[in-house]
Every structure is written in structure tokens, then in C-alpha cells.
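**Student:** I have a structure here, written as C-alpha cells, and I will follow up with some questions on it.
The values are calculated or read from the model by the stated rules, or taken from the named source; none is laboratory data. The structure presented is a predicted model; accordingly, all values stated were derived computationally and were not measured. Virtual Cβ from ideal backbone geometry, glycine too; neighbours counted across all protein chains shown. Ligands, DNA and RNA are stripped out before the accessible areas are found, and what is left, the full protein with its side chains, is counted by its heavy atoms. Shrake-Rupley method; radii C 1.70, N 1.55, O 1.52, S 1.80 Å.
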Amino acid sequence: MKSDKARKVTSREYIMKLIYQIEMNKEDIENIDDRLNLFLNDNLEYIINRYEELRLQYSNNPNVELNNIELNDAVDREYMSIICEKIKENKEQIDALINKYAKNWSVSRMPKVDLSILRLAICELIFIEEIPNKVSINEAIELAKLYCDDKSPKFINGILGSVSNELESK
């Protein structure tokens, strides 16, 4: 992903929302890459608005340019496509890691937003080498603070910390 933090955060938020939507609609994860473009187009206005909000939040310049922003300015489609592909190919492996470290929880019982954040973050931990593990974990915690209940950030941090430790020991 490019160095534009607003673009990174927007991409991560919306790929998490796609994972969540597929889970809630009980759609086959095999169709995730087909759903990506439709999802992005259906949510275009929200994506652009979120990107603009984040650009203002992260900018030191109160006069930051926000005119004529297009979808490809707001999200990193390459990153999103890679995440879709890797989740589709490795869902069982990702879910096995979640089940292994989620004490007294299973993927089937877990809140679906928590599960979506965990799938995304574990996918990044395993397959996206250019994103440091600490960044993936911190961004997952930030998503949990924004979209989940008060206990979720700690829960997600615990699972991701364990997964990260396992991956680093290999």
C-alpha cells in the first residue's frame, strides 16, 4: 500500500466490512473477489467520505485538497484484491488459528465483526510481508475500538499476539 495513511485505513476498514457482509449474508467466501468490485461501487460515496474524513484527521494542513477524489485515490485495490484472494484460499487455516487461540470461543459463536477483524489481521500477519506484524495488530485493535464492544480490543489483541508469536517462532 502507498504511504497515504488515510488510504490504508480506508482500505482496511472496507475490506473488513466486505468480509463481515459475506459472513452475515452467509455467502460463500469463494465469491469474495467477485464481490469486491460490486461492494466498492455500492459503497462509493461512503468510502470517499470516510477517506476525506481521515485525510483531514491525519493532515497537519487544514487546507488539504479534497476535490475530485475518486475510488482509486481512496482505497488500495491491489491490497484489497490480495486480501480477498488469500482469505478465499486460506479461510480454514485462518479460522483454525482463531479457534486455537480464542479461549472458550469458536468461530461459529464469535461476534461477526470480531471474526471479520481477526480474519483480516491474521491474513495480513501470514501473507502480507510488507506490513509489520505490530502494525497489523494495532490496526486491528483500532478497528475493534471503532466497530466492536469494549471487550473486543483486548480479546482481539490476545488472539493476534498469540498468532504472531506462533508465526515468529517458525
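**Student:** Using label points projected 7 Å from each Cα along Cα→Cβ, tell me how many nm separate GLU30 and GLU166, to one decimal.
**Tutor:** The modelled label-to-label distance comes out at 2.6 nm.
**Student:** Is the shape of the range 28-121 best called rounded, prolate or oblate, per the rule: a/c under 1.5 gives rounded, else a/b larger than b/c gives prolate, else oblate, with a ≥ b ≥ c the square roots of the Cα gyration tensor eigenvalues?
**Tutor:** Cα axes put the range 28-121 in the prolate bin.
**Student:** Next question. Putting +1 on Lys and Arg Cβ atoms and -1 on Asp and Glu Cβ atoms, find which of ILE159, VAL64, ALA74 reaches farthest to the positive end of the dipole of the chain.
**Tutor:** ILE159
**Student:** Could you tell me the calculated FRET efficiency between LEU71 and ASN104, based on Cβ-Cβ distance and R0 = 41 angstrom, to the nearest 0.05?
**Tutor:** The value I calculate is 0.50.
**Student:** Something else about it: Give the relative contact order (percent, whole number) for the range 10-138; include only Cα pairs under 8 Å separated by 6+ residues. Can you show the working numbers first?
**Tutor:** Numbers: 95 pairs, mean separation 40.8, N = 129.
Worked out over the range 10-138, it gives 32 percent.
**Student:** Using helices alone, I'd like the mean residue ellipticity at 222 nm for the chain: each DSSP H run of four-plus residues gives -39500 (n - 2.57), total over residue count, nearest 500.
**Tutor:** For the chain, the value works out to -24000 deg cm²/dmol.
**Student:** R0 = 22 Å: FRET efficiency of GLU23 with GLU85, Cβ-based, nearest 0.05?
**Tutor:** Efficiency, from the Cβ-Cβ distance: 0.80.
**Student:** For q values of 0.10 Å⁻¹, compute log₁₀ I(q)/I(0) with the Debye formula on a Cα-only model of the chain, without solvent.
**Tutor:** Scattering profile of the chain, log10 relative to I(0): -0.36.
**Student:** While we're here: Once both labels are modelled 7 Å past Cα along the beta-carbon direction, what's the LEU44-LYS5 spacing in nm?
**Tutor:** Roughly 2.9 nm, to one decimal.
**Student:** Can you give the charge dipole size of the chain about its Cα centre, rounded to the nearest 20 debye, using +1 on the beta carbon of Lys and Arg and -1 on the beta carbon of Asp and Glu?
**Tutor:** Dipole of the chain, to the nearest 20 debye: 680 debye.
**Student:** What are the GluC sites (Glu not before Pro) within the range 1-80 that DSSP puts in a loop, where the Cβ has at most 11 other Cβ atoms within 10 Å?
**Tutor:** GLU65, GLU70
**Student:** For the range 76-170, with every protein chain kept in place, what is the accessible area per residue (1.4 Å probe, Å²)?
**Tutor:** Details: 4920 Å² over 95 residues.
I get 52 Å² per residue for the range 76-170.
**Student:** If you bin every alpha carbon distance in the range 1-66 into 10 Å steps from zero, what whole percent lands in each bin?
**Tutor:** Final binned percentages: 20, 45, 25, 10, 1.
**Student:** Of LYS17/LYS91; LYS100/LYS145; LYS5/LYS145; LYS8/LYS103; LYS5/LYS26, which sit over 27 Å apart, Cα to Cα? The partial results should precede the final answer.
**Tutor:** On the way: LYS17/LYS91 16 Å; LYS100/LYS145 23 Å; LYS5/LYS145 18 Å; LYS8/LYS103 31 Å; LYS5/LYS26 32 Å.
Listed pairs above 27 Å: LYS8/LYS103; LYS5/LYS26.
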